[in-house]
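Bear in mind these aren't lab numbers, they're just calculated from the coordinates by the rules spelled out. Everything numeric here is computed off the predicted structure, so don't read it as measured data. Neighbour counts are summed over all protein chains in view; Cβ atoms, including those assigned to glycine, are modelled from backbone coordinates with ideal geometry.
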Amino acid sequence: MKIVLFGPPGSGKGTQAELLKEKEGFYHFSTGDFFRQEIANQTSLGKKVQHYLEKGLLVPDEIVIEIVEAFLKENCDKKIVFDGYPRTIRQAISLDQFLEEKNQKVNFCFLIELAEEEIIKRLTSRRVCENCGAIYNLNFKKPKIENICDLCGGQLIQRKDDNEEVIRERITIYYKDTAPLIAYYEQKNKLYRINGNLY
Ligand code: ADP
C-alpha cells in the first residue's frame, strides 16, 4: 500500500503521516525531513540543497528523484506514506513508472486543503523539536513546558523557512508547480480531498 499526502505548506501532511505511522504501521517518508537531516549533518547533498530550502524553492527534480529511487530500491515492499513527494508532475510520473516496474502503485492520494491566511497563521506559530521532529503549534498545540518537547525533552525551534516571506514563496510555488497534481491524480481516480481545517 502506497499513500501520497499532499497539500499546501502547513496543511498538516507531516502530522497526518505520523498518525498513519503510529496507528497503521506505515513507513513515513518525508523528503523535506530527509533534506533537513542532510543539512544538519552538513553532507555534500545537504550543502547542495540548503539554499533551496532556505528560500522556499523546490529542490531540482533530478536530485529528488534520485533520492526517492534509492529509498524505494530498499523499501519498495513496505507500506509507505509519502509526505511532500511528489511535488511536480515530473516527480509523479517518475514515481508511477518506478512503482510499476516493481508491480506496485500509488493506491490513494489525499489532498489536504487549507486557505492561505490559515496557512500563514499556522506556520508562523509552528515549532518543531530539534531532536525528534515532533510538531507543535503555539496557538493550538502548545508543549506542556515552554519550548520543550513533551515527548523527548528536546528543544523546540522554529524552522528557518517558517517566516512570512518564505512561506509566501512556498505557497506561490505550491500553486504553480504542485497543484497540477490534483488533476493528475483525479484522472487516475485516486484523489481524495480532506478539509485541513478540521485537524
Ligand atoms: P512544506 O510542505 O511545509 O513546505 P516540507 O518539509 O515538505 O515542507 O519541504 C520543505 C522544503 O524541502 C521545500 O520548500 C523544498 O525546498 C524541499 N522539498 C521537499 N520535498 C521536495 C520535493 N518533493 N521536491 C522538491 N523540493 C522538495
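For segment 77-195, the share of DSSP beta bridges that are antiparallel, to the nearest 5, is 60%. Given their separation in residues at 0.36 nm each and the Cα-Cα distance between them, Gln37 and Glu169 gain 45.3 nm when the chain is fully extended. A simple spin-label model places the labels of Glu24 and Asn195 2.1 nm from each other, with each point 7 Å out along Cα-to-Cβ. Residues of the chain were split at every exposed loop site, defined as GluC sites (Glu not before Pro) in a DSSP loop with at most 15 other C-beta atoms within 10 angstrom, and the longest piece left, sites excluded, is 1-129. Quick check: from the Cα gyration tensor, does the chain come out rounded (a/c under 1.5), prolate or oblate? Because its axes are fairly even, with a/c under 1.5, the chain counts as rounded.
Extension gain, Lys142-Gln158: 0.36 nm per intervening residue step, less the Cα-Cα distance, totals 4.4 nm. Between Lys48 and Asn107, the modelled label-to-label distance comes to 3.3 nm, taking each label 7 Å out from Cα in the direction of the beta carbon.
Distance between the pseudo-spin-label points of Asp150 and Glu130 (7 Å out from Cα toward the beta carbon): 2.2 nm.
In sequence order, segment 62-74 has phi-based couplings of 4, 5, 5, 4, 4, 5, 5, 5, 5, 5, 5, 4, 8 Hz under the Karplus curve 6.51 cos²θ - 1.76 cosθ + 1.60, θ = phi - 60°, and Gly or Pro positions carry x.
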